[in-house]
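S.K.: What follows is a structure written as structure tokens; I'll ask about it next.
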Amino acid sequence: MNIAICDDDKIIVKQIEKLLFDFFIEKGIDYELYTFTSGRELLERDVQFDIAFIDIEMPGINGIELSKRLLEKNSYAIIMIVTSFNHYLDDAMELSVYRYISKPIDRERFMVNLSSALRKYLNINRPILIKGNDEISKVNSCDIIYLSFEDRKVWIHTRGDVIEVTKTLDYWKKQLGDANFYQINRSHIVNLGYVTSVNKNKVILKCNGEIIELKASSRIYASLKRAYYSFLGGTSK
């Protein structure tokens, strides 16, 4: 688990660092911590962050823009906005940031929010055992982009590979069985975390700069739209 703290106030950075240490020592969980005093410094680091604590008011790139850039790199990033400026709340919520933590930081509230973030992280990174024809491998659910049924075979498309599997698409639908995955037609199940847009005829996904366009059944458009909005943290009428 990679965690980032980005705040130009070094006292706040040290405070969050200590709270994280106390929390994860008690849980017995290992993590990698990276601290930054500017958004540019963070973006120059070639690391995909799972949880990030971001200050709003920083020189150069502000916290809202930085959060947007982090979510573009990793749509599953759990963003915690840390600030004393409440007038940024609407902008932060529009980005679907996970939590808004006020300064000065309250230890009890911070720990409650961190516990919630950890539960979300563990759900997102749920290990999936994949049995192929010649090998057994394990991938995190967040690394699965989509599944396809082609030429009477099921293929799992991950961030790093395409794996032929022996079970049916229905089997994998049950295996993945959470709100992050949605079947868009008889041949495809997509990970909503990689979806950038949906309409009545197609779904657009993006991963590592590659655009993937898949046909969608018009019959399920209304429910697909609701599922996608719900995944993004909103509601659909």
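The values are calculated or read from the model by the stated rules, or taken from the named source; none is laboratory data. Keep in mind that this is a model prediction, so the values were computed, not measured. Accessible surface areas use protein heavy atoms only, side chains included; no ligands, DNA or RNA. Shrake-Rupley method; radii C 1.70, N 1.55, O 1.52, S 1.80 Å.
S.K.: Given 0.36 nm per residue, what is the gain on full extension from ARG69 to SER218 after removing their alpha carbon distance, in nm?
M.R.: Working: separation 149, 0.36 × 149 = 53.64 nm, distance 3.21 nm.
Between ARG69 and SER218, full extension yields an extra 50.4 nm.
S.K.: How big is the accessible area of GLU135 in square angstrom, nearest 10, if you roll a 1.4 angstrom probe over the protein chains?
M.R.: 120 Å²
S.K.: Assuming 0.36 nm per residue, please report the length gained on full extension of the stretch ASN113 to THR196 beyond their Cα-Cα distance. Present the calculation step by step, with values, prior to reporting the outcome.
M.R.: On the way: separation 83, 0.36 × 83 = 29.88 nm, distance 2.75 nm.
That works out to 27.1 nm of additional length.
S.K.: Return the lysines within reach of LYS225: Cα separation strictly under 21 angstrom, same-chain partners fewer than 8 residues apart disregarded; answer none if there are no such residues.
M.R.: The reachable lysines, counting only those whose Cα sits under 21 Å from LYS225, are LYS173, LYS174, LYS200, LYS202, LYS206, LYS215, LYS237.
S.K.: Expressed as a whole number of Å, what is the distance separating the alpha-carbon centroids of segment 10-82 and segment 149-198?
M.R.: Cα centroid of segment 149-198 versus Cα centroid of segment 10-82: 31 Å apart.
S.K.: For segment 1-128, what does the relative contact order come out to in percent, with C-alpha contacts under 8 Å and a separation of six or more? Spell out each step's value before the answer.
M.R.: Details: 176 pairs, mean separation 28.5, N = 128.
Across segment 1-128, relative contact order equals 22 percent.
S.K.: Express the accessible area of segment 1-73 per residue in Å², computed with a 1.4 Å probe while the remaining protein chains stay in the model. List each step's numbers first, then the result.
M.R.: Details: 3820 Å² over 73 residues.
Spelled out: the 1.4 Å probe surface of segment 1-73, per residue, equals 52 Å².
S.K.: Counting only protein heavy atoms and using a 1.4 Å probe, what share of the accessible area of segment 110-213 belongs to carbon plus sulfur, as a whole percent?
M.R.: Answer for segment 110-213 is 46 percent, counting heavy atoms of protein chains only.
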